[in-house]
Amino acid sequence: MFEILSNDEIAPLVHRMVVRAPRIAAARKPGQFVIVRHEEGDERIPLTIADAADQAGPLTLIIQAVGQGTKDIVATEGGGGILDVAGPLGMPTEIEKLGRVVCVGGGVGTAVLYPLAKALAGAGNEVVTIIGGRSAPHVILRDELAAFCKQVLCTTEDGSLGVKGFVTAVLKEILEDDARRPAAVYAVGPVPMMAAVSDMTREYAVRTIVSLNPIMVDGTGMCGGCRVTVGGEIKFACVDGPEFDGHAVDFRELASRQNMYKEHQCRLDDQANSPTAGGDK
Ligand code: NAD
Ligand code: FES
């Protein structure tokens, strides 16, 4: 059992959970993730390691309560526990000194972006970060990113914080400016956002890395759940990724696989909420 040291809601339905897992903390590198299982028989949920205080310190996980599994986890108070935390999984981010880089985070994807941006800044890059959400409460980790980024620019769809619109509106301005154009862009968020960022940077020939979160089951490359097509080749996000060249990812296929899963999850939720349902998930 892995002890939950704290559990705070940092945005609507988004929780920051600090979990005691010293061996994972000692081994983890930026870009890697864990797969958690709340209780025996529960679904396995992939979660990025947002931070680790130090090499033996606790792990910070940021969890959006979207399905029953994540809702059960975030309902567990500090002092409670998670049955399994397996990891670290996936390939660590390749951190290079490139000069000026732009990191783009959409909604809760900013949690995945955070360790990446921190490692890029730590390697001596000048990091400008653009983070966006539906409204101000949905924009997360702004102060934490400001601690090491040269600039943190915010967007909201309702205009309640920063520029009104999508993150791509601010990215476009930066790409168009010769003096601000970066050597690379890192983007993490909803699939349509990462597709839009990659389409935009392709026009300016700016290298773009995206972090994908397809459906994951075993996290070992065996089940095929996280299959993605990159540069015409089949890849498994859990072992070959989760980061890939955004200009080579088949986003259309990724979106269609995600929608298939969402429809299935909705049917399961409807069954669970039906008055005739037996209460079992
Ligand atoms: P959201 O749908 O509210 O979008 C957040 C922001 O992303 C928007 O405000 C906008 O700035 C940007 N965005 C969204 N669609 C865009 C588009 N078509 N073009 C340009 N910009 C766009 O996000 P949310 O509800 O906070 O987060 C949930 C989504 O994030 C889910 O789709 C989930 O799968 C994804 N997610 C991805 C990762 C990852 O590792 N890639 C991790 C966690 C969550
Ligand atoms: Fe099963 Fe990646 S999660 S192959």
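The values are calculated or read from the model by the stated rules, or taken from the named source; none is laboratory data. A quick note: this is a predicted structure, and the numbers were derived from the prediction, not measured. Positions of Cβ are generated from backbone atoms using ideal geometry, with glycine treated the same way; all protein chains shown enter the neighbour counts.
Overview of results
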read-out: Any hit, the stretch 239-262, residues being near ligand 2 (Cβ under 10 Å from one of its atoms), on the phi < 0 side of the Ramachandran plot, modelled with pLDDT of 95 or more and basic (Lys, Arg); value: no
read-out: When residues of the stretch 74-101 are limited to those that are within 16 Å of the chain's Cα centre (by Cα) and among the aliphatic types (A, V, I, L, M), the one farthest from residue 1 (Cα to Cα); value: 91
read-out: Matching residues in the stretch 78-126 - criterion: being in contact with a helix residue (DSSP H, G or I) (Cβ under 7 Å, 6 or more places away or on another chain), more than 21 Å from residue 21 (Cα to Cα) and buried (at least 24 other Cβ atoms within 10 Å of the Cβ); value: 101, 102, 103, 104, 105, 106, 117
read-out: Total residues in the stretch 216-238, condition out of contact with any Gly (no Cβ under 7 Å at 6 or more places or on another chain), within 16 Å of ligand 2 (Cβ to nearest atom) and outside any strand (DSSP E or B); value: 10
read-out: Count - residues of the stretch 100-132 that are in contact with a strand residue (DSSP E or B) (Cβ under 8 Å, 6 or more places away or on another chain) and not in a helix (DSSP H, G or I); value: 15
read-out: Some residue of the stretch 201-215 being part of a loop (DSSP other than H, G, I, E, B), small (Gly, Ala, Ser) and out of contact with any Ser or Thr (no Cβ under 9 Å at 6 or more places or on another chain); value: yes
read-out: Test result for residue 13, among the aliphatic types (A, V, I, L, M) and surrounded by 19 or more Cβ atoms within 10 Å (Cβ to Cβ); value: no
read-out: Flag if residue 71 is surrounded by fewer than 18 Cβ atoms within 10 Å (Cβ to Cβ) and over 30 Å from residue 4 (Cβ atoms); value: no
read-out: Qualifying positions in the stretch 77-136 - touching a His at 6+ places or on another chain (Cβ under 9 Å), hydrophobic (A, V, I, L, M, F, W, C) and more than 16 Å from ligand 1 (Cβ to nearest atom); value: 82, 83
